[in-house]
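Undergrad: Encoded as structure tokens, here's the structure I'll be asking about.
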Amino acid sequence: SRGNRESDVKVGIAGFGTIGKPVAAALHKGIEGLELAAICSRDQDKARRNMQGLCDPVPVVGPQELADICDVIVECVPKAAFRDIAEPALRAGRIFITVSGAGLLIHPDVVDLARDNGAQIILATGALLGLDAVRAAAEGEIEQVRMITRKPPFSLTGAPYLVENDISIENLSEPLKVFEGTAREGAAGFPANVNVAAALGLAGIGPDRTTLEIWADPALDRNTHRIEVEADSARFSLSIENVPSDENPGTGKITALSVIAALRALTAPLKVGS
């Protein structure tokens, strides 16, 4: 490993799975000015095993200790544990990087917690390109933001909205629209699937004015998102097909890469993109 300097920014990773492991590997390979200092994981033994051959061993600690010893905390834990990681990190005034747009919608008060403690939350781009353009457009006037998500049925299985409304996605022979509403409603009904919609809402005109359609499409093997924005500065549409990660088909490979890019931007002498 490269020699770590005292001045290096200490990074902690909470959650050591589909996103956390590639991030650790990238830090091990070397991101200028950053070093991996600790990992927080529910299964500490498994986390220690997973470090072998991936990165230099670092301590496996709890959420509070992670907040105490790290300058930057990367949150990639299951949805239910979002707050357990966010609260101590923000109270300690840390930089908190997450891809959980849904977590931020469900716990909006964490933004106040960041403000009160001099912390900063960075919502990494995750599986969504073009957030820079949406954020720029939001500095002017945006009239409409619409998102159409199409997913292979298996990646929607078990979503609370489908269960509550008794919508079956078994044995589909053609695409089925399973949801139409606001990004906020979508985040509540499909918490494992709509970080993208939540992030889009937060970047633009808010989650209540951002509209979302979700389709179960048996012909697809990738999650696809199409976004249409009407603004006074520009009209644009974005389309992305995400390659599922090998370990967890619900998470695209680009999600971990977007976290690595966000980390690199913290210390880079040149940052491209707003």
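Undergrad: Let's test the formula: R0 of 22 Å, r as the Cβ-Cβ distance of Arg226 and Glu180. What FRET efficiency results, to the nearest 0.05?
TA: 0.95
Undergrad: Just in the range 148-248: which GluC sites (Glu not before Pro) are loop by DSSP and have at most 16 other Cβ atoms within 10 Å?
TA: Glu170, Glu247
Undergrad: Placing +1 at every Lys and Arg Cβ and -1 at every Asp and Glu Cβ, with all other atoms neutral, what dipole size does the chain have around its Cα centre, in debye to the nearest 20?
TA: The calculated dipole for the chain is roughly 720 debye.
Undergrad: Let me know the number of lysine pairs in the range 1-146 closer than 21 Å at the Cα, not counting same-chain pairs under 8 apart.
TA: Total qualifying Lys-Lys pairs in the range 1-146 comes to 6.
Undergrad: Any idea how far apart Asp116 and Lys29 come out in nm if each label point goes 7 Å out from Cα toward Cβ?
TA: 4.0
Undergrad: Further question: Which order do you get for Ser237, Ser245 if you rank them by accessible area with a 1.4 Å probe, largest at the top?
TA: Ranking Ser237, Ser245 by accessible area, largest first, yields Ser237, Ser245.
Undergrad: For a quick check: with amide H placed at 1.01 Å from N, whose amide H comes under 5 Å from Ala231's, ignoring anything fewer than 5 positions away on the same chain?
TA: Glu143, Phe236
Undergrad: Quick one: grab the alpha carbon gyration tensor of the chain, order the square roots of its eigenvalues as a ≥ b ≥ c, and give me rounded if a/c is under 1.5, else prolate or oblate depending on whether a/b is larger than b/c.
TA: Because a/c hits 1.5 or more and a/b exceeds b/c, the chain counts as prolate.
Undergrad: Would you mind telling me the antiparallel percentage of the DSSP bridges in the range 102-223, rounded to 5?
TA: 45
Undergrad: Further question on the same structure: Which one of Tyr161, Ile122, Ile148 is farthest out on the positive end of the charge dipole of the range 64-196, using unit charges on Cβ (Lys, Arg +1; Asp, Glu -1) and the Cα centre as origin?
TA: Farthest along the dipole direction, towards plus: Ile148.
Undergrad: Moving on to the next point. Between Thr211, Thr157, Thr18, where does the largest GNM mean-square fluctuation fall for the chain, given springs only between Cα atoms within less than 10 Å?
TA: Looking only at Thr211, Thr157, Thr18, the biggest GNM fluctuation is shown by Thr157.
Undergrad: How much length is gained if the chain between Val9 and Leu129 is pulled fully straight, taking 0.36 nm per residue apart and subtracting their Cα-Cα distance, in nm to one decimal?
TA: Stretched fully, the Val9-Leu129 segment lengthens by 40.5 nm.
Undergrad: Considering Cα pairs under 8 angstrom that are at least six residues apart, work out the relative contact order of the range 172-274 and quote it in whole percent.
TA: 21
Undergrad: With springs connecting C-alpha atoms under 10 Å apart, model the chain as a Gaussian network and identify which of Leu131, Leu54, Leu202 has the largest mean-square fluctuation.
TA: The residue that fluctuates most here is Leu54.
Undergrad: If the only charges are +1 at each Lys and Arg Cβ and -1 at each Asp and Glu Cβ, what is the size of the charge dipole of the range 100-184 around the Cα centre, to the nearest 20 debye?
TA: 220
Undergrad: Relative contact order of the range 36-85, please, whole-number percent, based on alpha carbon pairs below 8 angstrom and at least 6 residues apart.
TA: 39
Undergrad: Count the DSSP beta bridges whose two residues both fall in the chain, then state the antiparallel fraction as a percent rounded to the nearest 5. Walk me through the intermediate numbers first.
TA: On the way: 23 of 50 bridges.
Within the chain, antiparallel bridges account for around 45 percent of the total.
Undergrad: List every residue whose amide H lies under 5 Å from the amide H of Asn223, counting only residues 5 or more places away in sequence or on a different chain, with H placed 1.01 Å from N in the peptide plane.
TA: When sequence neighbours closer than 5 places are left aside, the close amide H contacts are Asn242.
Undergrad: Rounded to the nearest 0.05, what FRET efficiency do Arg91 and Lys253 have when you use their Cβ-Cβ distance and R0 = 30 Å?
TA: On the way: r = 33 Å, r/R0 = 1.09.
The calculated FRET efficiency here is 0.35.
Undergrad: Follow-up question, since we're still on this one. Please find, in a Gaussian network model of the chain (springs between Cα atoms separated by less than 10 Å), the residue of Ala197, Ala26, Ala183 whose mean-square fluctuation is greatest.
TA: Highest fluctuation among the options: Ala26.
Undergrad: Here is a further query. With θ set to phi - 60°, apply the Karplus curve 6.51 cos²θ - 1.76 cosθ + 1.60 along the range 124-135 and write out the HN-Hα couplings as whole Hz, x wherever there is a Gly or Pro.
TA: Running phi through 6.51 cos²θ - 1.76 cosθ + 1.60 with θ = phi - 60° gives 5, 4, x, 8, 10, 7, x, 4, 4, 5, 5, 5 Hz.
Undergrad: What is the gain in length, in nm to one decimal, between Gln52 and Leu172 on full extension, counting 0.36 nm per residue of separation less the C-alpha to C-alpha distance?
TA: 39.0 nm
Undergrad: From a point 7 Å beyond the Cα of Ala268 in the direction of its Cβ, which residues of the range 16-47 have a backbone N at a distance under 19 Å?
TA: In the range 16-47, the label zone of Ala268 (backbone N under 19 Å from the point 7 Å along Cα→Cβ) covers 22-36.
Undergrad: Can you tell me the 0 to 90 degree angle between the C-alpha axis of helix 82-91 and the longest principal axis of the chain, rounded to 10?
TA: 50
The values are calculated or read from the model by the stated rules, or taken from the named source; none is laboratory data. Bear in mind that the values here come from a model prediction, so they are computed numbers and not experimental data. Methodologically, a virtual Cβ is constructed for each residue, glycine included, from the backbone with ideal geometry; neighbour enumeration extends over all protein chains shown. We work out accessible area using only protein heavy atoms, side chains counted, and drop any ligands, DNA or RNA first. Shrake-Rupley method; radii C 1.70, N 1.55, O 1.52, S 1.80 Å.
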